Amino acid sequence: MDLLLVGYLVVDVIVTRGTLRRRLGGTAAYGSFAALKHRVRPHVVSKIGLDFPDEYLMFLSRSGVDISHVQVSRSMPTTKFKHVYEGEERISYLLSRCEDILLGDIPLEKVKGNPVIVGALVGEVPPDVVQEIAERAAMVVTDIQGYVRRVDEKRRIYLTATPEAKLVIPLSDIVHAEVSEAKAVYGDAEPAQLAEKMVKDGAGISLVTLGSLGAYVATSQKTYYVPAAEASAIIDRTGAGDVFTTVFAIEYMNTGDVREAAAYAAAAASFLVEKPGFNGLRDRWEVRARAEQVLKGIRQVR
């Protein structure tokens with residue numbers, strides 16, 4: 001299976017307990033490496049600046065990620081974030097932003113008949129582009145984080161309701177939101193209700209993640225609570241939602257089983273957080289045992 005991932009490749013500056021690290025990030029990156037672990041070939045559609053580190057591109061290519069649709073802007077810098085972790089909390093800042101990803105940047109011949117993950121981080125994939133993708137793809141998976149983020153005068157990212165978020169939800173076969181992002185769209189409600197609201201608004205399946213508290217998955221017929229898989233340690237949570245979304249999409253595409261897809265998604269995300277960057281990711285066969293434990297704990301709530 002081929003999988004297209006549309007969204008920025010970024011440089012993340014991670015600050016944890018006074019320690020600063022720079023590394024490759026973005027939904028397109030985390031999703032690509034998760035896909036490789038599940039024997040799916042990822043193709044990234046992105047824009048970067050001339051300042052994007054060459055070693056990151058080499059790392060992606062040598063790992064098996066198709067980067068032939070990554071374009072280099074000569075006028076805009078690479079998108080960069082600073083993420084400051086304080087316990088369970090993360091404060092994020094947008095340091096720079098590249099050009100939007102427009103319809104002419106999308107390889108429509110590769111979209112046709114394949115699953116596509118739209119991993120916008122700061123609105124770089126406009127809703128009209130998502131609509132064109134949805135008309136051609138076998139399955140469209142969106143993350144609403146990029147459509148509810150705004151930046152204040154100090155470059156700090158905050159969440160707010162936007163028309164764009166409401167536009168991409170009904171275009172999605174699968175939509176993901178962290179609970180705070182879902183609340184930005186729908187207000188203060190229980191996570192299960194938030195998941196159901198996204199389905200009511202037109203999403204085929206919705207995923208609302210709550211970090212170490214698990215997740216809720218809703219379809220038009222049922223809503224499930226998915227417990228978090230137990231990680232041996234929590235070193236780095238960056239990218240956990242991206243991995244959850246990507247693995248859920250791949251497993252659901254293969255089996256059509258919502259519960260099994262959610263179990264593998266939770267298990268894969270739990271391995272990711274055990275090590276920094278992409279180092280925690282494990283092959284599907286290694287994820288299986290932990291997924292089976294998660295599956296036992298999934299319960300229908302509606």
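Overview of values
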quantity: Some residue of the range 35-53 being out of contact with any helix residue (DSSP H, G or I) (no Cβ under 9 Å at 6 or more places or on another chain) and closer than 21 Å to G280 by Cβ; calculated: no
quantity: Qualifying residue in the range 120-128 (condition: at pLDDT 95 or above and more than 19 Å from the chain's Cα centre (by Cα)); calculated: yes
quantity: In the range 42-58, the residues that are touching a Ser or Thr at 6+ places or on another chain (Cβ under 7 Å) and not in a strand (DSSP E or B); calculated: D51, F52
quantity: Pairs, first under 22 Å from T246 (Cβ atoms) in the range 160-173, second assigned to a helix (DSSP H, G or I) and open to solvent by 60 Å² or more (accessible area, probe 1.4 Å), C-beta under 7 Å, six or more apart; calculated: L171/Q131
quantity: Hits in the range 100-113 (condition: surrounded by fewer than 17 Cβ atoms within 10 Å (Cβ to Cβ) and in contact (Cβ under 8 Å) with a residue 24 or more places away in the chain); calculated: D100, L102, L103, P107, L108, K112, G113
quantity: Test set (1) under 27 Å from I235 (Cα atoms); (2) not in a helix (DSSP H, G or I) - S180 fails condition number; calculated: (2)
quantity: Residues of the range 191-225 that turn out to be of a type in the set (D, E, K, R), out of contact with any Phe, Trp or Tyr (no Cβ under 6 Å at 6 or more places or on another chain) and assigned to a helix (DSSP H, G or I), as a count; calculated: 2
quantity: Looking only at the range 250-289, and only at residues there that are of a type in the set (S, T, N, Q) and assigned to a helix (DSSP H, G or I), the one that is surrounded by the most Cβ atoms within 10 Å (Cβ to Cβ); calculated: S270
quantity: Condition check for G241: in contact (Cβ under 8 Å) with a residue 60 or more places away in the chain and touching a strand residue (DSSP E or B) at 6+ places or on another chain (Cβ under 6 Å); calculated: yes
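Listed here are the residues, each with its yes/no results for (1) open to solvent by 20 Å² or more (accessible area, probe 1.4 Å); (2) more than 28 Å from M1 (Cα to Cα); (3) of a type in the set (D, E, K, R).
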{"position": "V129", "(1), (2), (3)": "no, no, no"}
{"position": "E135", "(1), (2), (3)": "yes, no, yes"}
{"position": "D143", "(1), (2), (3)": "no, no, yes"}
{"position": "G146", "(1), (2), (3)": "no, no, no"}
{"position": "R150", "(1), (2), (3)": "yes, yes, yes"}
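The values are calculated or read from the model by the stated rules, or taken from the named source; none is laboratory data. If you're wondering where the values come from, they're calculated on a predicted model, not measured in any experiment. Because the Cβ atoms are built from the backbone with ideal geometry, glycine has one as well, and the counts that use them run over all protein chains shown. We work out accessible area using only protein heavy atoms, side chains counted, and drop any ligands, DNA or RNA first. Shrake-Rupley method; radii C 1.70, N 1.55, O 1.52, S 1.80 Å.
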